[in-house]
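Below is one structure, written out as structure tokens; comments come after it.
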Amino acid sequence: MTNQPFFTRDRDAYIPTDAARGPWDPNSLHGRVIIGLLAFAIEQRHGADDFVPARLTVDMFRLPTLAPIEVTTRLVRDGLRIRVVEADFFSGGVGMARASCQLLRKTQDPQGQVWSPPNWDVPAPSDIPAPTDPRLGMNGKWATRPIVGAMGTVGPRRLWMSEVRDLVEGAALTPFVRVAVAADFASPFANAGDQGLGYINSDVTLYLHRLPVKEWIGFEVVNHHATDGVAIGECFLYDQQGAIGTSTVAALAQRKPMAAQRPAP
């Protein structure tokens, strides 16, 4: 990729670039790059080809500035079939987010049939014209191919998303990092209403039964509910071969502009 990455490196520190700025405060990071960088560090230090990162949960309890980032990891459990890793995200030396990742060893499926939702039947990304509105890709944060509906519309919402830049300079996107960076999109896609997006997500939980095989990730909104300013949203995730998992978020009512700290849940 030739676009500016979200982070460069300075020894053990990750330095945010302008591309990493988020929508809530121009001097803060986008949630997607927080999630992606935690996934990147976990995979780099603890991943293995025979393990699937089946669950990644990221709690985002403060909104980081553009200060240098450090990520620490800790191996909680390294069993034969289950590996559990925790990671902490520090911005300017202050803890801003924390992740927990469960990696499961690949094996054979048991015999028998189990019901699953039917696969979605949608056009391939190459068969959908690129949108002309730059806001659909947040002005160059990602590429989209809308399928049906849009944020704020009533009814089904589906689209394809692809990254247009690397997360960390000099490190090609792996399938896990690619889907981890994209997972945060479940919040605006599921939680935006006819007056725009009024919720800021405080976490993301990504469930995967397999990793995506190509660059496009499909999102299908399947749930949104809110009471007293607390919302949940959920999307099914796909690649061009079928379903790969889900992305679920919790969110708080929020108005722009915001201070450089996420409200504590």
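Structure values in brief
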item	result
Spans of strands (runs of 3 or more DSSP E) in region 196-251 with at least 1 residues in contact with a Gly (Cβ under 9 Å, 6 or more places away or on another chain), crowded, with 21+ Cβ neighbours inside 10 Å and among the hydroxyl-bearing types (S, T, Y)	199-208, 230-239
Residues of region 181-200 that turn out to be of a type in the set (F, W, Y) and within 21 Å of D166 (Cα to Cα), as a count	1
Per-region count, region 1-46, residues buried (at least 20 other Cβ atoms within 10 Å of the Cβ), small (G, A, S) and either farther than 15 Å from F185 by Cα or more than 18 Å from the chain's Cα centre (by Cα) (or both)	3
Unique residue being assigned to a loop (DSSP other than H, G, I, E, B), within 28 Å of F40 (Cα to Cα), out of contact with any Leu (no Cβ under 9 Å at 6 or more places or on another chain) and not acidic (D, E) when the list is G95, G140	G140
Region 201-234 - residue that is among the small types (G, A, S) and more than 16 Å from the chain's Cα centre (by Cα) and, of those, farthest from M161 (Cα to Cα)	G229
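Here, each number is a calculation from the coordinates, and none is a lab measurement. Keep in mind that this is a model prediction, so the values were computed, not measured. All Cβ positions, even for glycine, are placed from backbone atoms using ideal geometry, and neighbour counts span all protein chains on display.
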